[in-house]
1. Students often check this: by mean Cβ neighbours within 10 Å, which of 108-121, 149-162 ranks highest, and how do the rest follow?
2. What is the local net charge at LEU53, summed over the other residues whose Cβ is closer than 13 Å to its Cβ (Lys, Arg +1; Asp, Glu -1)?
3. Taking the Cα atoms of the stretch 107-187, report the difference between the largest and smallest coordinate on each principal axis, in whole Å and largest first.
4. Once you list every other residue whose beta carbon is under 12 Å from the beta carbon of VAL150, what net charge do they have if Lys and Arg are +1 and Asp and Glu are -1?
5. Rounded to whole Å and ordered largest first, report the semi-axes of the equivalent ellipsoid of the stretch 129-230 derived from its Cα gyration tensor (root of 5λ).
6. In what sequence, highest mean first, do 172-183, 60-71 appear when ranked by Cβ atoms within 10 angstrom?
7. Count the net charge of all other residues whose Cβ sits under 13 Å from the Cβ of PRO228, scoring Lys and Arg as +1 and Asp and Glu as -1.
8. Using the C-alpha gyration tensor of the stretch 189-230, what are the square roots of 5 times its eigenvalues, in whole angstrom, with the largest one first?
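Values quoted throughout were computed directly from the atomic coordinates according to the rules given, and no laboratory measurement underlies them. Every value quoted in this text rests on a predicted model; they were computed, and no experiment measured them. Cβ placement follows ideal geometry from the backbone for every residue including glycine, while neighbour counts extend to all protein chains displayed.
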Amino acid sequence: MHQPGMPLPPPAPFDGGTGGGIQLPAGPAVPAPPPATAPRHPDVSHTGVAVLLIGPAGAGKTTVARYWADRRPVPTASISLDDVREWVRAGFADPRAGWDDRSEAQYRLARRTCGFAARNYLANGISCILDDAVFPDRPAVGLGGWKRHVGPGLIPIVLLPGLDVVLERNAARSGTRRLSDEEVATIHGRMAGWYGSGLPIIDNSRHDVATTARMLDEAVARSLSSPPAW
């Protein structure tokens, strides 16, 4: 019985417990939100892509491109511009003779042919990787033509090992693929203009083909997630 002058105790909680508090609504518990995860790059191995592998003579472009294309789990074609240029037999504009109107005309023709092949492969569900020694300071043989012929989704990536590496690899070549040391050094020096361009650059000076191909996969994934401006 309550004694006069004594304070009244607080009312019992609605849930019948012994302590006060706020009554929670009936029903199952609200699950906690899942932990935040870092953004993932696209799965390049199962993505249809068109890649342009750029680099000086002796960079290993064609070797890396073919290795990469050989091991993808989806159909992938490797298209080398030098191979297509050499389809011309009589009247071939030999690069060792220097650059002139005839060389440029045959280059443009080969690039259009490669672009047509790439579009045809892509339209039939086959990815492709093209390789070419594209110069950053020569508009006539620049990226614009490749973009026109292949399409805006083309992913350009630069393969640029050190000068000592490309000189060594050039020395092992023969025929029209072997250039003078002076020409190789000139080409390599002009390729340095790609630094600061925003394009992905892979220095494969000390990497074997398998490692370089893995780095190429990573560069393609980054470009798919955040395409470079070019």
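1. Numbers: 108-121: 17.5, 149-162: 19.1.
Top to bottom by mean Cβ count within 10 Å: 149-162, 108-121.
2. Working: positive: LYS61, ARG66; negative: ASP82, ASP131, ASP132, ASP217.
That works out to -2.
3. 40, 25, 22
4. Numbers: positive: ARG111, ARG112, ARG119, LYS147, ARG148; negative: ASP132.
It works out to a net charge of +4.
5. Details: eigenvalues 113, 62, 31 Å².
Each semi-axis is the square root of five times an eigenvalue, giving 24, 18, 12 Å.
6. Numbers: 172-183: 12.1, 60-71: 19.3.
So the order, starting with the most tightly packed, is 60-71, 172-183.
7. Numbers: positive: LYS147, ARG222; negative: none.
Taking every Cβ under 13 Å from that of PRO228, the sum is +2.
8. On the way: eigenvalues 70, 57, 5 Å².
So the three semi-axes of the stretch 189-230 are 19, 17, 5 Å.
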